[in-house]
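A short worksheet on the structure shown next.
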Amino acid sequence: MPRPGATRSCCSSPAVPPSLDRVREAIEAEGGTAHTYVADLADHDSVDALVSRVLADHRVVDYLVNNAGHSIRRSLVLTHDRFHDFERMMAVNYFGPVRLTMGLVPAMRAQRFGHVVNIVTWGNQIRAPKFAAYIAAKSALDVFGRILGRELFFDNVTCTNMRVQIVRTPMIGPTTAYDGRGESPEHCAERVVRALEDRPITVDGAFGTFYAAFNVVTPRLADLVMALAHRHEPDSAAARASVTATR
């Protein structure tokens with residue numbers, strides 16, 4: 001995303017949904033300029049092609065939001081024969097965003113300005129059961145972002161890790177325990193915009209911050225609390241059905 005007054009670039013998922021066209025049309029209706037691009041973040045060649053096209057069209061990207069992601073809520077005991085769950089999480093939630101970022105960073109450094117926002121998860125702080133594959137991948141992106149900010153400190157290229165809570169999108173649909181929970185996409189989007197403007201190192205929620213401290217101060221008790229929560233909320237029917245179907 002370029003700075004105010006510059007051309008806006010918008011990167012999308014492989015299949016261009018009507019909602020993406022509506023976003024572009026809304027921007028144009030307000031007098032802005034928008035461009036849409038299609039890429040598969042799990043495909044390295046597709047990411048490289050996206051970088052080449054965007055840089056050819058706009059020379060530099062001032063702001064990058066790594067928001068695309070995939071989540072799996074499934075206990076480890078149901079994952080013994082599903083190593084591909086871990087591979088999928090790393091491909092979309094870590095390798096894709098890192099490859100995209102690394103492709104765009106040289107131009108940011110050359111102009112001595114750039115900001116990256118990584119949409120990660122409060123699970124990085126909580127270590128919530130049933131999300132081992134997802135949280136591990138998001139934690140890797142979180143660490144990558146912190147190190148990027150430190151190495152490029154004197155280039156004025158910065159990074160914000162947004163450790164968001166549950167957001168009410170179709171991604172949480174298969175988990176009935178999440179019905180009615182979480183923040184709205186609109187509220188989350190407003191916080192992303194503030195992160196682009198203020199460029200903080202992290203954006204944390206109150207509960208995530210509390211539990212991160214809880215993990216440090218009394219790690220065994222923190223494990224007990226999460227173990228009880230794990231026992232109280234079973235795997236979803238969708239997670240159990242997926243495992244049955246693959247055996």
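Projecting each Cα onto the charge dipole of the chain (Lys/Arg +1, Asp/Glu -1 at the beta carbon, about the Cα centre), which of F154, L100, V225 comes out farthest on the positive side?
V225
Relative to the longest principal Cα axis of the chain, at what angle does helix 132-151 sit, 0 to 90 degrees, rounded to 10?
Around 40 degrees separate the two axes.
Between V143 and D48, what FRET efficiency comes out of the Förster formula 1/(1 + (r/R0)^6) with R0 = 25 Å and r the beta carbon distance, rounded to 0.05?
Details: r = 23 Å, r/R0 = 0.93.
Given R0 = 25 Å and the Cβ-Cβ separation, E is 0.60.
Out of the stretch 78-118, which trypsin sites (Lys or Arg not before Pro) are coil in DSSP terms and have no more than 16 other C-beta atoms within 10 Å? Could the numbers behind the result be given before it?
Values: sites: R82, R88, R99, R109, R112; in loops: R82, R112.
Sites meeting the loop and neighbour criteria: R112.
Restricting the calculation to Cα positions, tell me the Rg (one decimal) and the Dmax (whole number) of the stretch 61-246 in Å.
For the stretch 61-246, the Cα-based Rg and Dmax read 17.4, 53 Å.
About the Cα centre of the stretch 61-246, what is the dipole size in debye to 20, counting +1 per Lys and Arg Cβ and -1 per Asp and Glu Cβ, all else neutral?
Using only the charged Cβ atoms, the result is roughly 280 debye.
Helix-only estimate, please: 222 nm mean residue ellipticity of the chain, summing -39500 (n - 2.57) across DSSP H runs of length 4 or more and dividing by its residues, to the nearest 500.
-16000 deg cm²/dmol
If I stretch the segment between V193 and V38 completely, what's the gain in nm (0.36 nm per residue apart, minus their alpha carbon distance), one decimal?
That pair, V193 and V38, stretches by 53.6 nm at full extension.
So how far apart, in nm, are the two label points at V225 and A29 if each is 7 Å from Cα heading toward Cβ?
4.5 nm
Suppose a student asked you for the relative contact order of the stretch 61-246, using Cα pairs under 8 Å spaced at least 6 residues apart; what percent would you report?
Reported as a whole number, the value is 26 percent.
Relative to the longest principal Cα axis of the chain, at what angle does helix 18-29 sit, 0 to 90 degrees, rounded to 10?
Rounded to the nearest ten degrees, it is 40.
All of the numbers you see were taken from the coordinates with simple rules; none came from a lab. Please read these numbers as outputs of a predicted model, since none were measured by experiment. Note that each Cβ is placed from the backbone with ideal geometry, even for glycine, and that neighbours are counted across all protein chains shown.
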